[in-house]
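A short worksheet on the structure shown next.
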Amino acid sequence: MDHPGTFGKPGFLSTRGPRGGAAGPPEGAERAAATQSHVMAAARVLLLVSGRPESVSFAQSVCGRLGAGPGLGPWPTHCGLKRGQLLLSDKPFPGASARLPLQRPPFCPFAALDQQQPRPPVTELSTNRGVDLGVAIILQSSDQMVLLTRRTHTLRVSPNLWVPPGGHVELDEELLDGGLRELGEESGLQLPQGQFSWVPLGLWESAYPPRLSWGLPKYHHIVLYLLVVSQESQQQLQARIQPNPREVSAFMWLGPEVAAAVAATEDGTETPRHLSQDLPASVLAVELGDDGGARPLALPMSTLLRTTPTTTEGRERVSTGTKFALRLWLQHLGSVTP
């Protein structure tokens, strides 16, 4: 985790200038500017406000800062994709490389905190750091299947969730490189250069715990979903998968029909969308045993269609952000029906 703004005593608070002289305003201003520049360089998610980049406080809703209303979104957002950093704006700006949908869950705790009066005491929220940046890879095979992995039940954050491979972007790391690194670390898959294409799909404002009813959030990320299309088939890719048992307890491949059903069970909505009657009772997955060996797993469809519970529990389900990413993938394929 990065903690922008936590650098010990800022230089501009020094009471002595060079060689013991009094610090004059020019040097103080220069040091303040240097410290601000250091903060901005360390910040992972920046917003363009009135033409100037600003870091986002951990406790602030990114969607809210960009003018998101009370609706469910998504909100079109202009993005500058840089090394280890994301610059966002609700308006076009020079250097913007993409216009992507930005979404948050209907029960986003940061949106709820924005509306809550009085707000929780500062000591109860992490206010000395910004919003972190993550990247997740929607890996599509040549036969239009996508890979999901199940996080182990021993992980502190989001245990037992089905998600695409992904994680933190390192400072000064290209976003695609970060996603491919996480793909390799979690699944063992290394994609040969020249044998895949990629495109950014969308942005997700993520919190953990995901609901205020679970407790105040301790993690805050903007997750960039990247679609990576391999020239290899699902069978070819699966033959090379070697999951990391410290992070992954199972994996599976979803086709468009099942993905559409999973994406339709949108968390936070009152009325579920119409689901096809032709869905299979289960989906074939591969589970890692305690001995490290892999075995087939018939995963009930009902497990994939679960939504986020209102109370803390480690029930297996597909994450809300993953459902959003699957909808974007289906739109990219042109497979979504009105």
request  = Keeping all protein chains in position, work out how much accessible area residue 104 exposes to a 1.4 Å probe, and write it in Å² to the nearest 10.
outcome  = 30
query = Under a 1.4 angstrom probe, counting protein chains only, how are 230, 55 ranked by accessible area, largest first?
reply = 55, 230
ask   = Given a Förster radius of 22 Å and the C-beta distance between residue 171 and residue 50 as r, what FRET efficiency does 1/(1 + (r/R0)^6) yield to the nearest 0.05?
value = 0.25
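Averaged over all directions, how much area does the convex hull of the C-alpha atoms of the stretch 276-338 cover when projected, in nm²?
If I average the Cα hull's projected area over directions, I get 6.4 nm².
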inquiry  = At 1.4 Å probe size, what's the solvent-accessible area of residue 177? Round to the nearest 10 Å².
reply    = 80
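Run the numbers for residue 153 and residue 239: contour at 0.36 nm per residue of separation, minus the present Cα-Cα distance, in nm.
28.5 nm
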key: Local net charge near residue 159, Cβ-Cβ under 12 Å (Lys/Arg +1, Asp/Glu -1)   = +2
ask   = Just going by the charge dipole of the stretch 153-273, with Lys and Arg at +1 and Asp and Glu at -1 on Cβ, which of 161, 204, 184 is farthest out on the positive end?
value = 161
request  = State whether the stretch 187-338 is rounded, prolate or oblate according to the following rule on the C-alpha gyration tensor (a ≥ b ≥ c being the square roots of its eigenvalues): a/c under 1.5 gives rounded; otherwise a/b larger than b/c gives prolate, and the remaining case gives oblate.
outcome  = rounded
task = Leaving ligands, DNA and RNA out of it, work out the accessible area of residue 218 with a 1.4 Å probe and give it in Å² to the nearest 10.
result = 130
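Share of the stretch 137-290's accessible area from carbon and sulfur, percent, 1.4 Å? Before the final figure, lay out each step's value.
On the way: 3300 of 6840 Å².
Ligands and nucleic acids excluded, carbon and sulfur give 48 percent.
The values are calculated or read from the model by the stated rules, or taken from the named source; none is laboratory data. Not measured: the values here are computed from a predicted model. So basically every Cβ, Gly included, is an ideal-geometry build from the backbone, and we count neighbours across all protein chains shown. All accessible areas refer to the heavy atoms of the entire protein, side chains included, with ligands and DNA or RNA removed. Shrake-Rupley method; radii C 1.70, N 1.55, O 1.52, S 1.80 Å.
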